[in-house]
């Protein structure tokens, strides 16, 4: 299936929904690993929006990327609750463990504040992390 047809399917899946732009963008990001210029143009036409409107939303939210990541992405929560549970020590030591196996991205809250520190790889969230657990996750990539 070509990209245009898949974009049409994603848009159609949200037909009739109020404010479909963000859910569609999330689906495009999940499907293709990014929201590139082709996707923005196609989405603008399909939703009767200007390219500037679509680009404005894409560029506002840091989760939307303009090109796919070259490596798996590990999102490490560094919000206050995770800081209180030791994420700063994880952040300091994680780059050595990552060693070119993944990209480390800071996020602020994965919604599991009581069981932090937390990280997300793909759509999987991992809680109660320490250096050995996080190293094992990275080695499994």
For the stretch 73-139, what class follows from the C-alpha gyration tensor (a ≥ b ≥ c being the square roots of its eigenvalues): rounded when a/c is under 1.5, otherwise prolate if a/b is larger than b/c, else oblate?
prolate
Round to the nearest 10 and give me the degree value, 0 to 90, for the angle of helix 51-60's Cα axis relative to the longest principal axis of the chain.
10
Pseudo-spin-label distance residue 141 to residue 69, built 7 Å along Cα→Cβ, given in nm, is 0.6
For the modelled label position 7 Å from the Cα of residue 38 along Cα-to-Cβ, which residues of the stretch 52-90 have backbone nitrogen atoms closer than 16 Å?
66-69
Using 1/(1 + (r/R0)^6) with R0 = 35 angstrom and r between the beta carbons of residue 103 and residue 9, what's the FRET efficiency to the nearest 0.05?
0.75
Out of all DSSP beta bridges with both ends in the chain, state the antiparallel percent to the nearest 5.
55
How far is helix 21-32 tilted, in degrees, relative to the longest principal axis of the Cα atoms in the chain, given as a value from 0 to 90 rounded to the nearest 10?
70
Taking the 0 to 90 degree range and rounding to the nearest ten, how far is the long axis of helix 37-47 tilted relative to the main principal axis of the chain, both from C-alpha atoms?
60
For residue 83 and residue 52 in the same chain, what is the full-extension length gain: residue separation times 0.36 nm, less their Cα-Cα distance, in nm?
7.4 nm
Just want the ordering: 121, 138, from fewest to most Cβ atoms lying within 10 Å of their own Cβ.
121, 138
Taking the simple approach of a point 7 Å from Cα along Cα-to-Cβ for both residue 131 and residue 115, what is their distance in nm?
2.5
Using Cβ counts within 10 Å as a stand-in for footprinting exposure, how do 77, 87, 102 rank, fewest first?
102, 87, 77
With 10 Å bins from 0: P(r) over the chain, alpha-carbon pairs, percent:
11, 35, 27, 20, 6
Using Cα pairs closer than 8 Å and at least 6 residues apart in sequence, work out the relative contact order for the chain, in percent.
19
For the stretch 3-60, what does the alpha-carbon gyration tensor say about shape, rounded, prolate or oblate, given a ≥ b ≥ c as the root eigenvalues, a/c under 1.5 as rounded, and a/b over b/c as prolate?
rounded
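Every number here is computed from the coordinates shown, using simple stated rules; none is lab data. Keep in mind the model is a prediction, meaning the values are calculated, not measured. Cβ coordinates were reconstructed from backbone atoms using ideal geometry, including for glycine residues, and neighbour counts include every protein chain displayed.
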